[in-house]
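The structure appears right after this line, and notes come after that.
The values are calculated or read from the model by the stated rules, or taken from the named source; none is laboratory data. Quantities reported herein were computed from a predicted structural model and do not represent experimental measurements. Note that each Cβ is placed from the backbone with ideal geometry, even for glycine, and that neighbours are counted across all protein chains shown.
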Amino acid sequence: MDQAAQQVGVVIIGAGFAGLGMAIRLKQSAYQDFLVLEQAAVVGGCWRDNTYPGCACDIPGHLYGFSFFSKTDWSRKYAGQDEIHQYLQSCVEHFQLTPHVRLSHQVARLQFDDAQQQWLVHLTDGRTIQARVVVLGRGPLSIPKWPAITGLDRFPGPVFHSSRWQHQHDLQGKRIAVIGTGASAIQFIPHLAGLASQLTVFQRTPAWVVPRPDRVIGRREQALYRRWPGLQRAYRQWLFWVHELRYLGMADAKGWPHRLVEYLAGKHLRSQVPDPEKRRLLTPNYALGCKRVLLSNDYYPAMNQAHVKIVPAGLNAVEGRTLLAGDGSRHEVDVVVFGTGFEVAESLPPGWIVGPGGVDLGAQWLQQGMQAYRGVATTGMPNLFFLVGPNSGLGHNSLVLMIEAQIEHILQCIQHMQTQHAALCEVQPTAQQAFNEQVQQQLAGTVWASGCQSWYLDQHGRNTTLWPGSVVAYQKLMRTWSVSDYHWTNPGLQEDRVAASVADQPADVAAV
């Protein structure tokens, strides 16, 4: 171990919603011995990285922000990328996190020191930080997914991923190809359709798209929220329950709420795409919700334009400027834009986290699939916590609500370690197994397990991404955790005494 390694109580990796939220709650709890490591030059996570035209949230801003830091002046119901990024930057300023944040600090790997019972956080510049606890707040949407395409490296024009948009290129009048029709693509395709002389969209599977009830939030409404904070809280509560009800319409593919939403989505398609052939190509052949449901008012009109061509296949190979599709068709283009999403189920590369005894967590998950206890901890990795870990993603409501529930749980674990002088906190294998068995059993009866191929599934075909219940159910679950679900180790005390010294108490998760 590097003798000059800096020693820190808690290291948080990532400065997006998850990492900053964890930092804020630590500071609010009078815990000062922590650092936030961010590989980029500014904070913001995915809202810093995704600057493509039209980038916006599909959850209303008044529901998407932290419950403990309200923003009263959202300019639109569905905030754009820049406004959300500014909100996260304001969090750093308001909660005085700057002394704790280390920008341009990229983590090369995490290694557990068995002798010191600490995590060694190795940085790409050769430095090492020694941490008692590590919290991973990178989020699932941080690593762009690049399909392996033969000949792509020899394409003579611009090639870029939507999450790394190259704004320096003049796209006016160009022949542009878009690969993918997911959540990002449906936001930037209308912009490209207004620039391109020819837009060719490679679509393996059409998405379910529903109307986006967006609106401008005027100054008068903003002033009301500033003057009467309770009014904004009431609006947030209303938005929360509206989105919670979506769970009923998405979870059970055979229920009438699901059939109603599917009918409305089909009506949206029929009203905006009069071309029967294009409408056929844009009609999904799977249950609504099996893949992510998308919100847009301008995607279908853009796809309906005469100079926009839909290729019902993926991209197989590239020969010069010619793109070869999976259906055998060939397409000459000047620019290729990938809207292929992110590495979610395989977001932890082998060798990046090496735990006690040299156990490689990334390799283990690659072989066996991701597993965690309530999305926040995994057995065999003491003092390592996740935010938005396995099976804690959402398909119907604000992910920030899940993050806040997880933050409170992790905070309580850290506080318990402090009060009981425990050196290590590791989830019990039985607790993790019981949780995952319950999750997979619940998923089996939902639309998310209805048979389509989606990024919710890992390489084994198991859904390791989504939480199968409502947000209310998850918040309740995280409020009632048991200290006996963890193995607490203290060199100076009997382990039994550490675990038994504090009665199981519900946590006070932040209000919606």
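Some points to look at:
- Residue 173 passes every criterion in (1) closer than 30 Å to residue 21 by Cα; (2) surrounded by fewer than 21 Cβ atoms within 10 Å (Cβ to Cβ) apart from (1).
- One residue from 266, 255 being within 20 Å of residue 301 (Cβ to Cβ), surrounded by fewer than 20 Cβ atoms within 10 Å (Cβ to Cβ) and either free of Cβ contacts under 8 Å to residues at least 40 places away in the same chain or assigned by TED's automatic domain parsing to the domain that holds residue 48 (or both): 266
- Looking across the stretch 1-37 at every residue that is of a type in the set (Phe, Trp, Tyr) and over 26 Å from residue 182 (Cβ atoms), the one that is modelled with the highest pLDDT is identified as 34.
- Conditions (1) within 30 Å of residue 433 (Cα to Cα); (2) of a type in the set (A, V, I, L, M, F, W, C); (3) out of contact with any helix residue (DSSP H, G or I) (no Cβ under 9 Å at 6 or more places or on another chain); number of the one not met by residue 313: (1)
- Between 126, 139, 65, the distinction of being in contact with a helix residue (DSSP H, G or I) (Cβ under 8 Å, 6 or more places away or on another chain), at positive phi and in the same structural domain as residue 393 (by TED's automatic domain parsing) belongs to 139 only.
- Residue within the stretch 258-279 that is under 30 Å from the mean Cα position of the chain (by Cα), at pLDDT 95 or above and of a type in the set (Phe, Trp, Tyr) present: no
- Failed item in (1) in contact with an Asp or Glu (Cβ under 9 Å, 6 or more places away or on another chain); (2) surrounded by 19 or more Cβ atoms within 10 Å (Cβ to Cβ); (3) among the aliphatic types (A, V, I, L, M); (4) modelled with pLDDT of 95 or more, with residue 447 passing the rest: (4)
- Test result for residue 157, surrounded by fewer than 17 Cβ atoms within 10 Å (Cβ to Cβ) and touching a residue at least 24 places away in the same chain (Cβ under 8 Å): yes
- Residues in the stretch 346-373 that are under 20 Å from the mean Cα position of the chain (by Cα) and among the β-branched types (Val, Ile, Thr): 1 in all.
- Set 394, 387: member being at pLDDT 95 or above, hydrophobic (A, V, I, L, M, F, W, C) and under 29 Å from residue 249 (Cβ atoms): 387
- If only residues of the stretch 410-427 that are closer than 22 Å to residue 19 by Cα and among the β-branched types (Val, Ile, Thr) are counted, the one that is nearest to the chain's Cα centre (by Cα) is 410.
- If the condition is being closer than 18 Å to residue 403 by Cα, of a type in the set (A, V, I, L, M, F, W, C) and under 17 Å from the mean Cα position of the chain (by Cα), then the stretch 433-475 contributes 466, 467, 471.
- Taken over the stretch 214-232, residues that are surrounded by 13 or more Cβ atoms within 10 Å (Cβ to Cβ) and without any contact (Cβ under 8 Å) to a residue 40 or more places away in the chain amount to 3.
- Test: residue in the stretch 285-294 that is more than 23 Å from residue 454 (Cβ to Cβ) and either acidic (Asp, Glu) or in contact (Cβ under 8 Å) with a residue 40 or more places away in the chain (or both): no
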